Amino acid sequence: MKNRRLTWWMSWSAASVIASGCDYLSTGLDDDCEFLLTCGHFPGGDAGGTPEGCIPSESTSSVSDTCGVFVSASGDDAGDGTKAEPVKTLSAAIERAADKGGAVYACAETFVKAAEIPAGTAVFGGLDCANGWVWIGETAKTVVAPGEEGEERIALKVTRGESPARIEDVSVHAADAQVPGTSSIAVLVDGATAELARCELVAGNGADGAEGEDAPSEVPAQASPGNAGTDACTDLDTSGAPDTMLPGGAQIENACGGALSIGGGGGAGRVNNGDAGQIGQSGPFGAAGVGEPSAGAWSCGGPEPNGTGDGGADGTPGDFGKAASGLGSLSSSGYTGVSGGSGKAGTPGQGGGGGGGAKGGAAICSGAMPGAGASGGSGGPGGCGGLPGEGGGAGGASIALASVEGKVTLKDCMLKAGNGGKGGAGGDLQPGGLGGLGGVGGVGVSGSKAACDGGKGGQGGNGGPGGGGLGGPSFAIAYRGEAVKQEGQTMLQPGTPGAGGPGGSNNVSENAGAEGTAAAEQEFP
């Protein structure tokens, strides 16, 4: 950089040299201030190294073509960058200035493209290009106002480097952010030293956060019913004699993603007694119905020992998503807010217990042969748990000036932020599915009792609703690292922060996101 600047300096006219107080007419190099890098206006001096006579606000006449590159909205990027043939875009002017040395001089017109200013670059705006390129920055400024294309609204960015950057008499307007959750930032200084004089930095509104995705609106299908038991004397073995044991209805499963709910199998019917049913599975067990004993009272659902399988307990509702809170984070790519947490799925309902089997007898089947009693029906499996809603996205920020590990000085500037975006609503939950009905017990014959029904499966637990997203903040200045220095009549005006997004399912769990923050200055960790 120094060698490039030195070459540029040595191309200056003798008149410019004399005006600057340096001795280019010396016969030797011992007293050549430009060669020895001792001139007071060399890089690191006033305006980041801009020489005397090349700072428009300090001159009553137009600056020389030798000072740098000139840019007008009516120019042509194929031009030579002089006042007679200015380039059209700030990006082209900045690139030319970096190649040849010198500053950028911009008309008091509107430029509709975002731009990046490398460290070590000076940009002077507020020039009347229709009347000799004289400075009119007190009454009219160069306006940088990009349109709404792209995702993140950063109108002007100063990139990191060791040499200082300077911006004078520029009005930067960031557009309203359009993509959900994105921010509007007028100027972002990324790890650079920058001085802004008589500038206006105006941020647009941050975009509202994205809505959390809802769980499916359809309730999970009801679980299949349990299997029926077998009637007494139904089957004969190969000899023609009745079976002495009839198995109960087989257990039945309901697959719910990675979880199972199982209805307990029905109790077998036997000649001298009935077996108890099996317990339902998944979660707290569904109690099985007892089987008919060889002696003593027994019934299906009466006050005596109960042979009907118990219904399964309902599943547990899923945890709701955490509400978003906090400040968010600031980086070289802009602002990132806090999204709401996603809910958790509900657990499946418990399977119902299997019904108890009945006893048979010595003479209940044809031929007066002993046969097994009817067998119990199996329990219905529990319903699947509901799926959760996703968390709502954070609202976008509105920031007039963001400094990330930069060293920024403002002189007589006006900073105005817009409004932060609203946080996105959390996604709605899905209710749990109904459990399956219990299988019917088998029918008795010749005075034997009917076997008992299986219990109904429990309902699946509801899914958890998503948490609401954090409302977007509004800051005139947001910084991480060194605080921004303010000189002269600098004015800071924040806007209104965005509201937090409501929790899912009409905020049933009261997990709305927090409102954003508004401040003239805000430090980030």
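The values are calculated or read from the model by the stated rules, or taken from the named source; none is laboratory data. Note that the coordinates shown come from a computational prediction; the quantities given were computed from them, not determined experimentally. All Cβ positions, glycine included, derive from the backbone under ideal geometry; neighbour counts span all protein chains shown.
When residues in region 296-343 are screened for being surrounded by fewer than 17 Cβ atoms within 10 Å (Cβ to Cβ), in contact (Cβ under 8 Å) with a residue 12 or more places away in the chain, touching a Phe, Trp or Tyr at 6+ places or on another chain (Cβ under 7 Å) and farther than 30 Å from Gly466 by Cα, 1 of them pass. Taken over region 470-495, residues that are assigned to a loop (DSSP other than H, G, I, E, B) and crowded, with 18+ Cβ neighbours inside 10 Å amount to 8. Residue count for region 149-207, restricted to those that are within 25 Å of the chain's Cα centre (by Cα), charged (D, E, K, R) and crowded, with 24+ Cβ neighbours inside 10 Å: 1.
For region 55-66, name all the residues that are over 47 Å from the mean Cα position of the chain (by Cα) and modelled with pLDDT of 90 or more.
First, pick out the residues of region 55-66 that are over 47 Å from the mean Cα position of the chain (by Cα): 58-66.
Passing the criteria: Glu58, Ser62, Val63, Ser64, Asp65, Thr66.
Per the conditions (1) within 27 Å of Met491 (Cβ to Cβ); (2) in contact with a strand residue (DSSP E or B) (Cβ under 6 Å, 6 or more places away or on another chain), the sole criterion not satisfied by Arg160 is (1). Filtering Ala519, Ala499 for residues that are within 23 Å of Ser333 (Cβ to Cβ), out of contact with any helix residue (DSSP H, G or I) (no Cβ under 7 Å at 6 or more places or on another chain), among the aliphatic types (A, V, I, L, M) and surrounded by fewer than 24 Cβ atoms within 10 Å (Cβ to Cβ) leaves a single hit, Ala519. Within region 224-244, the only residue that satisfies the criterion of being at pLDDT 90 or above and surrounded by fewer than 19 Cβ atoms within 10 Å (Cβ to Cβ) is Ser224.
Would you call Gly318 in contact with a Lys or Arg (Cβ under 7 Å, 6 or more places away or on another chain) and part of a loop (DSSP other than H, G, I, E, B)? Yes, satisfied. Number of residues in region 101-117 that are closer than 20 Å to Glu200 by Cα, of a type outside the set (A, V, I, L, M, F, W, C) and crowded, with 18+ Cβ neighbours inside 10 Å equals 2. Condition (residue is crowded, with 21+ Cβ neighbours inside 10 Å, within 21 Å of Val172 (Cα to Cα), touching a helix residue (DSSP H, G or I) at 6+ places or on another chain (Cβ under 7 Å) and modelled with pLDDT of 95 or more) applied to region 134-143: is it met by at least one residue? For region 134-143, residues crowded, with 21+ Cβ neighbours inside 10 Å, within 21 Å of Val172 (Cα to Cα), touching a helix residue (DSSP H, G or I) at 6+ places or on another chain (Cβ under 7 Å) and modelled with pLDDT of 95 or more: present.
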